[in-house]
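The values are calculated or read from the model by the stated rules, or taken from the named source; none is laboratory data. Bear in mind the structure is a predicted one, so any value in this text is a computation, not a measurement. Positions of Cβ are backbone-derived with ideal geometry, glycine not excepted, and every protein chain shown enters the neighbour counts. The accessibility values were calculated without ligands, DNA or RNA, using every heavy atom of the protein model including side chains. Shrake-Rupley method; radii C 1.70, N 1.55, O 1.52, S 1.80 Å.
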Amino acid sequence: MKAVEQYRNQYRQNFIGKNYNGYAHVLFVVFWCVAVIVFCVLNIHQTTWKELLIIPFTFIYINWIEYIGHKGPMHHQTKLLSKVFERHTMQHHHFFTYDNMSFDSTKDFKAVLFPPVLLIFFFVCFVLPVSLLIFWLWNTNAALIFMATIIAYYFNYEFLHFCYHLPENHFLLKIPLVKRLKKLHHTHHDTTLMTKYNFNISYPIFDWIYGTIYKK
């Protein structure tokens, strides 16, 4: 425990600025995601069943991306994505260990939530171009449904991961589904298991498909 506390103090000094506000960080994520989803929903008109099929296909696709990204560059260092490895394996997994999974204060939110600039980068460089491509190949409804689904999944991802690191007695961890998913993520934070099991941070669809679910 001493080593964890020392690392946490070091991380706070090096990576969390004095002006950082955890609640503001949470509100930014909520506002951005809700604003994009509401914009999309308000501009979707007379959808067809074929257009609505984008929702499950996009959900499965992004769940696979979550799995591959976590199992790959987040836990195996590469030259191109070394910063991803450093932020996840070297920082997040040292800040939150199997025996110390909870936030100490709102300042610690930064060790879980993606930086706002990364959310904007993800939207501008991935979500928007793909949405425009779908618009060009299909129509406006299809593009907006794809965009709303991706952002809703991201919001859901951040919410669940945030919940996993709340204090054990927090009311959100009493929700049965969140409680079960938290156990899988807790197991993933065991250093002897983190490179082998439980790579889906949200729903363990591809952990189940690839046989990488581990329950303690």
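Report the accessible area of I175, computed with a 1.4 Å probe over the heavy atoms of all protein chains in place, in Å² rounded to the nearest 10.
70
Taking a 24 Å limit on the Cα-Cα distance, which of the listed pairs K179/K216; K2/K174; K71/K183; K71/K110; K50/K182; K83/K216 fall beyond it?
Checking Cα-Cα distances, K2/K174; K50/K182; K83/K216 exceed 24 Å.
Please state the shape class of segment 18-69: rounded when a/c is under 1.5, otherwise prolate if a/b exceeds b/c and oblate if not, all from the C-alpha gyration tensor.
oblate
If you count only protein heavy atoms and use a 1.4 Å probe, how large is the accessible surface of F59, to the nearest 10 Å²?
70
How much accessible area per residue does the chain have, in Å², with a 1.4 Å probe?
Result: 57 Å² per residue.
If DNA, RNA and ligands are ignored and the probe is 1.4 Å, what is the ranking of L144, L27 by accessible area, most exposed first?
Most to least solvent-accessible, the answer reads L27, L144.
Quick check: pseudo-label points 7 Å beyond the Cα along Cα→Cβ at I60 and I16, how many nm apart are they?
4.1
Given the Cα-Cα distance of N156 and H94 and 0.36 nm per residue of separation, how much length would full extension add, in nm?
Length gained between N156 and H94: 19.9 nm.
Rounded to a whole number, what % of the accessible area of segment 1-125 do carbon and sulfur atoms account for, probe 1.4 Å? List each step's numbers first, then the result.
Working: 5360 of 7760 Å².
Carbon and sulfur atoms account for 69 percent of the accessible area of segment 1-125.
Along the charge dipole of the chain, pointing to its positive end and built from +1/-1 on Cβ of Lys, Arg, Asp and Glu, which listed residue (V127, A148, S105) has its Cα farthest out?
Checking the options against the dipole of the chain, the answer is S105.
If you add up the charges near K71, with Lys and Arg at +1 and Asp and Glu at -1, over every other residue whose beta carbon is less than 13 angstrom from its beta carbon, what do you get? Don't jump to the answer; show the numbers that get you there.
Working: positive: K196; negative: E66, D207.
The answer is -1.
To the nearest 20 debye, what charge dipole does the chain have about its Cα centre, counting +1 at the Cβ of each Lys and Arg and -1 at the Cβ of each Asp and Glu?
Here the size comes out at about 360 debye.
Kindly report, to the nearest 10 Å², the accessible surface of K196 as traced by a 1.4 Å probe over protein heavy atoms only.
Here the residue's solvent-accessible area equals roughly 120 Å².
Quick check for me: using +1 on Lys/Arg Cβ and -1 on Asp/Glu Cβ, what's the dipole size of segment 177-216 about its Cα centre, in debye to the nearest 20? If you can, show how the numbers build up before the last one.
On the way: 7 positive and 2 negative charges, 46 e Å.
It works out to roughly 220 debye.
Can you work out the base-10 log of I(q)/I(0) for the chain at q = 0.08, 0.16, 0.17, 0.18 1/Å, using the Debye formula on its C-alpha atoms alone?
Log10 I(q)/I(0), no solvent term: -0.31, -1.20, -1.33, -1.44.
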